[in-house]
Amino acid sequence: MSERNVRVRFAPSPTGYPHIGNIRTALFNWLFARHSGGSFIVRIEDTDVSRKVKGAIEAILDGLRWLGIDWDEGPDIGGDYGPYFQSQRLDIYQKIARLLVADGYAYYCYCSPGRLAKMRAEMAERKESTRSYDRHCRNLSQEERDKFEAQGITPVVRFKTPLDGETSFNDLIKGEVTFDNSTLDDFVLLKSDGYPTYHLANIVDDHLMEISHVLRADEWLSSTPRHILLYSALAYEPPLFTHLPMILGSDGSKLSKRHGAVSITEYRDQGYLPQAMINFLTLLGWSLDDRTELFTTEELVRHFSLERISKTGAIFSQDKLMWMNGHYIRNMSPGELREHLLPFLEKHLPEEVKRPVSREYVQQIIPLIQERLTTFKEAADQFAFFFIDQPDYEPDLLLGKKLTREAAIAALVDALTQLRKLTFEASSLELALRPLASELGMKTGDFFGLLRVATTGSTAAPPLFQTMAVLGKDKCLKRIEAALDKLRR
Ligand code: GLU
């Protein structure tokens with residue numbers, strides 16, 4: 001088996017938008033394929049018609065494309081093993097289900113939903129929770145079957161799970177995993193609408209598509225014994241299995257929306273960089289050593305190995321993701337950063353800002369903000385003061401902890417007088433304003449803090465004099481005048 005060419009797949013069900021866990025699965029498969037010179041396949045498992053979500057397939061593929069995860073075979077590009085939508089392969093599953101019945105590995109079940117509900121209620125009463133079907137139809141006589149058929153009931157096909165014994169398989173991370181067959185029920189293979197269940201379609205396709213390794217989320221581990229039994233019934237060679245560690249929130253529970261885990265496309269829309277996402281997601285369950293945190297995608301492809309996937313759950317930290325994104329932003333050239341930033345500014349700056357936003361102006365701002373950015377969307381909010389007419393803030397912000405209204409007014413009046421005389425360059429601003437602080441008997445920190453709020457509306461802005469120089473004389477004077485108005489009101 002290990003000599004087989006590496007062929008791995010990402011097999012999303014379009015039952016929702018692709019979240020962090022889905023994409024981490026796709027990424028590990030992709031890294032493994034690219035590392036080993038194998039093929040990465042995307043297969044859409046759209047057999048649960050009732051749970052299909054409109055737009056989910058496009059969101060999944062868009063998410064992958066945005067991250068630079070490319071596939072060799074898949075729904076849009078086809079390939080030698082297509083079609084890659086399970087909904088277009090129903091005849092294959094139906095044929096195999098019939099074959100399993102003919103060979104005695106499966107049977108037709110005519111139980112009505114009403115009977116099943118009653119059965120489950122009775123089982124629950126008897127506290128039997130391990131099997132969800134009582135195998136009522138497993139040993140129907142031909143006569144009984146004919147009677148149901150004559151009534152026009154379309155049966156489902158169920159797998160005849162061995163009643164005793166064990167099923168084992170070797171998980172590449174967890175090692176030997178064993179399940180008692182008595183804990184598995186006679187699960188459905190083919191539903192009465194002619195659609196296969198996940199179990200049947202998944203293993204048939206992994207076989208027909210010659211998948212060598214299955215890397216998937218931990219939650220599928222309990223399905224694997226069923227799959228192993230099916231492989232054996234069909235005399236197919238199973239792929240090698242690797243169940244990826246669970247992704248946990250900072251509180252140690254399974255990651256959910258509550259922890260800020262949103263659709264991957266939302267990360268894109270918030271202004272995270274694909275490189276940062278790839279780096280971050282790979283470290284959710286894989287590491288090279290205990291130290292290295294920053295990897296380019298090429299480095300990850302080069303180093304990736306199944307052996308270094310961790311056994312224990314991986315903690316998702318939003319702070320770490322933001323830190324990483326900031327790192328990749330700081331590493332960009334100013335021109336690159338400008339091009340990334342512009343669409344976010346266009347979209348998210350307040351309406352009053354004239355569009356299109358000036359490229360040249362953004363170029364001037366970049367050196368002031370590059371070090372401070374975490375995401376692009378945040379930038380549109382955090383640095384809106386560069387673009388709007390007047391920042392909005394409470395007058396008390398001007399006073400900080402120490403200043404009295406009178407002192408602040410006197411300081412701003414003097415500053416205005418000085419500034420009116422100046423050309424607005426960072427060095428001349430500093431040269432004029434620094435001595436003014438001592439003339440006013442103020443600490444430079446307090447004086448500059450006052451000017452910072454007056455000109456930007458914020459206490460945490462980029463370096464004051466450069467900022468004022470970029471804002472320009474007109475705007476600064478107007479803003480200081482407005483600050484005086486606020487204080488005098
Ligand atoms: N369709 C399943 C999912 O959405 C695939 C599980 C597997 O990889 O076997 O995760």
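As an exercise, take the mean of 1/r over every pair of distinct alpha carbons in segment 352-411, invert it, and state the Kirkwood radius in angstroms.
14.0
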Can you quote the Å³ per residue value for the convex hull of the Cα atoms in segment 234-382, rounded to an integer? 173
Normalised by the residues of segment 345-398, what does the relative contact order come to in percent, with Cα pairs under 8 Å and at least six apart? 49
Relative contact order (percent, whole number), segment 204-332, Cα cutoff 8 Å, 6+ residue spacing: 28
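With charges set only on the Cβ (+1 for Lys and Arg, -1 for Asp and Glu), what does the dipole of the chain come to about its Cα centre, in debye to the nearest 20? Write down the numbers at each step before the final one.
Working: 61 positive and 67 negative charges, 249 e Å.
Rounded to the nearest 20 debye, it is 1200 debye.
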Whole-number Å³ per residue for the convex hull built on Cα positions in segment 1-139: 183
Provide the descending list of Cα extents for segment 86-165 along its principal axes, expressed in whole angstroms. 40, 32, 27
Quick one: work out Rg over Rh on the C-alpha atoms of segment 318-397, Rh as Kirkwood radius. 0.99
Between the alpha carbon centres of segment 281-302 and segment 176-219 the gap in Å comes to 31
Alpha-carbon Debye profile of segment 401-483, log10 I(q)/I(0) at 0.19, 0.25, 0.27 Å⁻¹: -0.75, -1.43, -1.72
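What is the chain's relative contact order, in percent, from Cα pairs under 8 angstrom and six or more apart in sequence?
13
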List the residues whose amide H sits under 5 Å from the amide H of residue 240, counting only those 5 or more places along or on another chain, with H placed 1.01 Å from N in the peptide plane. 213, 214
Quotient of C-alpha Rg and 2.2 N^0.38 Å, computed over the chain: 1.37
Between 468, 482, 433, whose Cα lies farthest towards the positive end of the dipole of segment 393-489 when Lys and Arg beta carbons carry +1 and Asp and Glu beta carbons carry -1, centred on the Cα centre? 482
By a straight-distance test (C-alpha under 21 Å), which lysines pair with residue 443 as possible cross-link partners, with residues fewer than eight away in the same chain excluded? 401, 402
Would you mind pulling out the separation of the Cα centroids of segment 437-465 and segment 93-166, in Å? 78
From the mean inverse distance of alpha carbon pairs (Kirkwood) and the Cα radius of gyration, derive Rg over Rh for segment 211-292. 1.08
Which order do the peptides 197-210, 89-102 take when ranked by the mean count of other beta-carbon atoms within 10 Å per residue, highest first? 197-210, 89-102
Reachable lysines from residue 320, criterion Cα separation under 22 angstrom, eight or more residues apart if same chain: 254, 257, 311, 377
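Rule-based calculations on the coordinates, nothing more; no lab input. Given the structure is predicted, the values throughout are model-derived calculations rather than measurements. With ideal geometry, Cβ positions are generated from the backbone for all residues, glycine too; neighbour counts draw on all protein chains shown.
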